[in-house]
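> Provided herewith is a single structure, encoded as structure tokens, for subsequent inquiry.
Please treat every number below as a calculation from the coordinates, not as lab data. Just so it is clear, the structure is predicted and the values come from calculations on it, not from any experiment. Quick reminder, even Gly has a Cβ in these numbers, built from the backbone with ideal geometry, and neighbours come from all protein chains shown.
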Amino acid sequence: MTQRVYLFARFERFWHWSQAGLIIFMAVTGFEIHGFYTLLGFEPAQELHTIAAWALISLWVFAIFWHATTGEWKQYIPSFDRLFAIMRYYSVDILTGAPHPYKKSRLHKHNPLQRIVYLSLWVLINPALWISGALYYYYNDWGPWGLAPYLKLEYVATAHVVAAFLITTFLVIHVYLITTGHTLFAYIKAMITGWADLDEDSAQES
Amino acid sequence: MSPLQKILASVLTLAVCALAAPEANAKPPLSAALAALPASTADHSQFKELQREFESGSELTRACLSCHNQAAKQVHASKHWKWEFVNGKTGQTLGKRHVVNNTLMSIAANGPYCARCHISNEWTEAKFDFTDPNQVDCLACHDTTGTYTSMKMHQLRSKCSACHVEFDKSKARNVVRRPDFGELGRHVGKPSLQTCGACHFNSDGGNGIKHGDLDSSLLNAAPELDAHMAKDGAGLTCFNCHKTRRHQTLGSRYAPQSKDPKGKNVLGGSRATCESCHGLAPHPKTANAKLNDHVDRIACQTCHIPAIARGGVPTKTRWDWSSAGRLDKAGKEIITRDDKGRIIYSTQRGSAEWAENLVPDYVWFNGEVKYLTLNDKINPAGTVRLNVLSGGPDDPKSRIWPVKTLRGKQPIDAENATLVGVRLFGKDENAFWEAYDWNKAIAASMADAGRPFSGKVGFVETEMRIPVNHMVAPESGALSCGDCHSRNGRMATVPGIYYPGRGIYWLIDLLGLLLVGGALAGVLAHGALRIAVKFRKSGKA
């Protein structure tokens, strides 16, 4: 038996989807700025990438505040419980129709693999992106800020591009894993409506 | 244009109009009576001293100096007069009297002929008295009729080939040989595009040949061609930027300024740098915020002069002297034109290549230029660089500049490994354009320069780099970001600088693409496997 649980609050959904849109948009414009292809033209790509960056940083400020005040930050505390079982599930067991080794609940809505990946997004890739991005944008202020002797634009650009490759890789896998719920659209439905069908016994935990 | 660009462009246009409108009307209107008066407080046509005939230029100069009694001293101190410039930084003595180029090469043994463009009245002999005040040719710069320079050339019986590669001898008889100095003297005024252009547009033997950013198209330029000199644009003339005090004109090809850190100079006027009028943050706040971030490393000219020779007058890009001197079967001089009417071969000047709308080359430049002179040894094995622009990415005084590269092949002393001058002009057998004998023409020139000549003539490939400064396009004609910010943009060959779009380490790109591509391939394969398994199961069921 399953039970419907309100898993994702309204702000959380808003944050998730606008972040998703911004990240996709920034990847498209960013890789154009990097010179991989011409789509909007360099100047519009650069201008829109910058605007999107400010929007995303503002969004993160709100999201950090939300996570801090609601206690939802605890969802990202890493756990290694059944981590290998989960990895085996996604690579092999899912094909045989075996059950997911981890039962989600309101209090633990991310499985340990998700927690580790999302936490590394929060503490590694996102900061790498926006610190390198800010340095990149404020290149001309390195002198007054006293940073000029320690930095070279091509190193900052390299860091930014490497982080961009990582988040794009995450995006590809993340989008695919959306389809691995009870049904093909179960996860995406939950992220849109907020309501998820959880197994009865685990739902009672909450 | 993308919608965003459109919005930005219209916002920008409005802002520019708002800024420009009051400026255009900045001069308060004059009353009709005042407007009818000449701008100057002195009307030269009324001066007693000028109400007569003058036999020669120097006679007119004497009259000028009777009032302007300090003028000759000032002129005598100028580069325009001395044709000599000592570069304090490099210690080189330069100027037209000393440098060697790959156009007409050297003034040595050509003095009086080259001097048709010198601001003197009668430099007609090899020896010339640079201290004679009456030799200052006031009209060269102060003629307002636009007819003087051409008349002067003909009066002094300049060698026709100095200006005309091809000419109609039957018309030569009709040329007015002696200017009416009295009439010209009564109509003097401030220098103009015409007076400066008479020499500077025609550097090295013809319209636009040498510089590419200075030619007769500037006389009637549209704002798109030159925002400064166009009458519908800023309506400026040369001395507005090349500010002249005591007859000393600012701006120099021998010691240009790559970067002017002083900014706007409201009271003092222009220092012949962009910054002295446009400041250190020249782009308006409404424009892309990144534009002003370029000024530390990119010269204004780099974006705002999108191409060389944009006005319809071609400029020479290659001058090969080694083929000069060929005669046809009848023993006559040859002239060959291409389908656009440009002379690509002439017996006098050898082979030529021309260009219009030429994309400049881009180099790091800190303002310091070293020139080869007749005294320097060269390496004839490679391409000899006649001038070397100093600078590099690690030099904070350097910016990336557009230059016109003029390539050539020119004679050298093969044994002594030096550049040589060639006596081109003259009416004797030593003049190349008379006898087409390299040996004699070089020997005459080197003797005049006081340099040795072995008698062994060789030819060497040479290259000269000329920084580009004029034909500044308005904002609408400037380069757009993507012209440089792309994988094979205009800066692709400029070393030592990273900028977005250029690309970083190929290995990073490769690994990154492999990572993203691998993830994509992985999930697709995994998805396909899931579908396959599902179908097999449902098949069994």
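> Net charge near B:His283, counting Lys/Arg +1 and Asp/Glu -1 over other residues with Cβ under 10 Å of its Cβ?
Details: positive: B:Lys285, B:Lys290; negative: B:Asp293, B:Glu475.
That works out to 0.
> Right, here's the next one. By how many nm would the segment from B:Phe128 to B:Asn265 grow when fully extended, if each residue of separation counts as 0.36 nm and the alpha-carbon distance is taken off? Don't skip to the answer; put the middle values down first.
Values: separation 137, 0.36 × 137 = 49.32 nm, distance 3.97 nm.
45.4 nm is the gain from fully extending B:Phe128 to B:Asn265.
> Computed FRET efficiency, Cβ-Cβ of B:Ala525 and A:Asn140, R0 56 Å: what is it to the nearest 0.05?
Values: r = 46 Å, r/R0 = 0.82.
For B:Ala525 and A:Asn140, the calculated efficiency is 0.75.
> Could you compute the FRET efficiency for B:Glu84 and B:Thr336, with r as their C-beta to C-beta distance and R0 at 51 Å, rounded to 0.05? Mind showing how you got there, number by number?
Details: r = 38 Å, r/R0 = 0.74.
Given R0 = 51 Å and the Cβ-Cβ separation, E is 0.85.
> Still on this structure, I have one more. Using 0.36 nm per residue of separation minus the Cα-Cα distance, give me the extension gain between B:Asp428 and B:Ser45 in nm, one decimal. Don't jump to the answer; show the numbers that get you there.
Working: separation 383, 0.36 × 383 = 137.88 nm, distance 4.32 nm.
Working it through step by step, the gained length comes to 133.6 nm.
> Okay, moving on. Compactness ratio of chain B: Cα Rg over 2.2 N^0.38 Å, N = residue count? Each step should come with its number before you reach the end.
Details: Rg = 28.7 Å, N = 541, 2.2 N^0.38 = 24.0 Å.
In units of the globular-protein estimate, chain B measures up at 1.20.
> Taking H as built 1.01 Å from N, whose amide H comes closer than 5 Å to the amide H of B:Phe459, not counting residues under 5 places away?
Here B:Ile412 satisfy the definition.
> How much net charge surrounds B:Pro261 when only the other residues with a Cβ under 15 Å from the Cβ of B:Pro261 are counted, with Lys and Arg +1 and Asp and Glu -1? If you can, show how the numbers build up before the last one.
Values: positive: B:Lys259, B:Lys262, B:Lys264, B:Arg271, B:Arg297, B:Lys397, B:Arg399; negative: B:Asp260, B:Glu275, B:Asp296, B:Asp395.
My count for the surroundings of B:Pro261 gives +3.
> So, one more: In deg cm²/dmol, rounded to 500, what helix-only [θ] at 222 nm does chain B give when every DSSP H run of at least 4 residues adds -39500 (n - 2.57) and the total is split over its residues? Please report the intermediate quantities before stating the final value.
On the way: 18 runs with 150 residues, N = 541.
Here the helix-only value at 222 nm equals -7500 deg cm²/dmol.
> By a straight-distance test (C-alpha under 25 Å), which lysines pair with B:Lys171 as possible cross-link partners, with residues fewer than eight away in the same chain excluded?
Result set, ordered by chain and number: B:Lys152, B:Lys159, B:Lys332, B:Lys340, B:Lys427.
> Just to be sure I understand the model, the point goes 7 Å from the Cα along the line to the Cβ. What's the resulting A:Phe80 to A:Ile24 distance in nm?
About 3.6 nm separates the two model spin labels.
> Taking the Cβ of each residue in B:Val516, B:Val403 as the centre, tally the other Cβ atoms inside 10 Å and list the residues starting with the fewest.
Working: B:Val516 21, B:Val403 18.
Ordered from fewest to most neighbouring Cβ atoms within 10 Å, B:Val516, B:Val403 come out as B:Val403, B:Val516.
> Here's another thing I want to ask about it. Any idea how far the Cα center of the range B:374-437 sits from the one of the range A:105-149, in Å?
Distance between centres, Cα-based: 56 Å.
> Based only on other Cβ atoms within 10 Å, what is the fewest-to-most ordering of B:Arg349, B:Arg530? Numbers along the way, then the final one.
Working: B:Arg349 25, B:Arg530 16.
Fewest-to-most ranking of B:Arg349, B:Arg530: B:Arg530, B:Arg349.
> Sticking with this one: Given 0.36 nm per residue, what is the gain on full extension from A:Trp195 to A:Glu72 after removing their alpha carbon distance, in nm?
That works out to 42.6 nm of additional length.
> With a cut-off of at most 15 other beta carbons within 10 Å, and DSSP calling the residue loop, which GluC sites (Glu not before Pro) in the range B:37-140 qualify? Please list them. Please report the intermediate quantities before stating the final value.
Details: sites: B:Glu49, B:Glu53, B:Glu55, B:Glu59, B:Glu84, B:Glu122, B:Glu125; in loops: B:Glu53, B:Glu55, B:Glu84, B:Glu122, B:Glu125.
Here the GluC sites (Glu not before Pro) that fit, given the DSSP loop and packing criteria, are B:Glu53, B:Glu55, B:Glu84, B:Glu125.
> What are the lysines whose alpha-carbon lies under 18 Å from the alpha-carbon of A:Lys189, with same-chain residues fewer than 8 places away excluded?
Those lysines meeting the cut-off are A:Lys104, A:Lys109.
> Given axes a ≥ b ≥ c from the Cα gyration tensor, I'd like to know whether the protein assembly as shown is rounded (a/c under 1.5), prolate (a/b larger than b/c) or oblate. Could you put the intermediate results ahead of the total?
Details: a/c = 3.43, a/b = 2.36, b/c = 1.45.
Taking the square roots of the gyration eigenvalues as a ≥ b ≥ c, the protein assembly as shown is prolate.
> Then there's this: Between B:Asn220 and B:Asn375, with labels modelled 7 Å along Cα→Cβ, what's the label distance in nm to one decimal, could you check?
Simple spin-label model gives 4.8 nm for this pair.
> Loop only per DSSP, at most 16 neighbouring Cβ atoms within 10 Å: give me the GluC sites (Glu not before Pro) in the range B:147-249, ordered by residue number.
Filter output for the range B:147-249: B:Glu166, B:Glu224.
> Next question, about the same structure. Give the residues of the range B:389-422 whose amide nitrogen is closer than 19 Å to a point set 7 Å from the Cα of B:Ala492 in the direction of its Cβ.
Within reach of a label on B:Ala492, which here means backbone N under 19 Å from a point 7 Å along Cα→Cβ, the range B:389-422 contributes B:401-403, B:405.
> Follow-up question, since we're still on this one. Once you place label points 7 Å from the Cα toward the Cβ at A:Leu171 and B:Val175, how far apart are they in nm?
7.1
> FRET efficiency for B:Glu183 and A:Leu147, Cβ-Cβ distance as r, R0 = 56 Å, nearest 0.05?
Numbers: r = 68 Å, r/R0 = 1.21.
Here the calculated transfer efficiency is 0.25.
> Residues of the range B:519-535 with amide nitrogen under 14 Å from the 7 Å Cα-to-Cβ point of A:Thr179?
So the set is B:520-535.
> Quick one: go through the range B:252-296 and flag any residue whose amide nitrogen is under 17 Å from the point 7 Å out along the Cα-to-Cβ line of B:Glu475.
Under cut-off, by backbone N: B:278-295.
> Another question about this same structure. Let me check I've understood the local charge: for B:Lys370, count other residues with C-beta under 11 angstrom from its C-beta, Lys and Arg +1, Asp and Glu -1. What total comes out?
Values: positive: B:Lys89, B:Arg385; negative: B:Glu368, B:Asp376.
Charge balance near B:Lys370 sits at 0.
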